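The values are calculated or read from the model by the stated rules, or taken from the named source; none is laboratory data. What you see is a predicted model; the values in this text were computed from it and never measured. Note that we place each Cβ from the backbone using ideal geometry, even for glycine, and neighbour counts take in every protein chain shown.
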Amino acid sequence: MKAAIFVVLIAAVILSAEVQPASCADVSGTVTDSQGGAVADVRIAIKNMSNNALREARSKANGHYIVSGLGPGIYTYTLDPLGTGFKGGDAVSYLGAKGLTIDWHLSANSSAIALASEGTGTMLAGDPFGFTGEEYTGIVAGSSVLIAGGVAGGLAASGEFSGSSSGPPASPSL
């Protein structure tokens, strides 16, 4: 029994130390006009450096869009206004594990302007606490380490964690 608990404890410590953020990242942002108003039904397409289309999204009524499931790398982001009367535009950027926010500002007279920043701040779907993926990973990893530490501390305090099977040391006589 002691050996099984010890093996589970070691496995928990190793797994929690190796928790990595997901290898997939999101690209999200908003599409607005020159007055700051949301622009709906604008297509944002993402291509790899070989010009192969990978993913696309359309902005919603509030101008927001999100594209999920991309690995880290350099991508071309193309905005197609789809008959809205605005001009399209392109941007090239590196996408890291934290994701990327690209806010597009549209004009009828000139190409769209893309403002990019690292991270999306996108909440996990169905998360009542509003944690991002990175925050959730940190909480899970930290909790695993605390639980493993508590188990190890409890076993050590009860004398169950030592490798010795000879029992507790004899107390000196008074």
Quiz item: Given the residues Asn62, Asn51, which is the only one that is within 17 Å of Thr120 (Cα to Cα) and part of a loop (DSSP other than H, G, I, E, B)?
Solution: Asn62
Quiz item: Does Gly69 count as surrounded by 14 or more Cβ atoms within 10 Å (Cβ to Cβ), part of a strand (DSSP E or B) and among the small types (Gly, Ala, Ser)?
Solution: no
Quiz item: What is the number of the single condition among (1) crowded, with 16+ Cβ neighbours inside 10 Å; (2) of a type in the set (S, T, N, Q); (3) under 19 Å from the mean Cα position of the chain (by Cα) that Thr76 does not meet?
Solution: (3)
Quiz item: List pairs: first in the stretch 98-112 and among the charged types (D, E, K, R), second at pLDDT 95 or above and part of a strand (DSSP E or B), Cβ under 6 Å, 6+ apart or cross-chain?
Solution: Asp103/Gly29; Asp103/Thr30
Self-check item: In the stretch 87-109, residue nearest to the chain's Cα centre (by Cα) [restricted to those that are closer than 15 Å to Gln35 by Cβ and not in a strand (DSSP E or B)]
Solution: Leu106
Exercise. Scan the stretch 44-96 for residues that are within 16 Å of Asp26 (Cα to Cα) and of a type in the set (Lys, Arg) and jot them down.
Key: Lys47, Arg55, Arg58
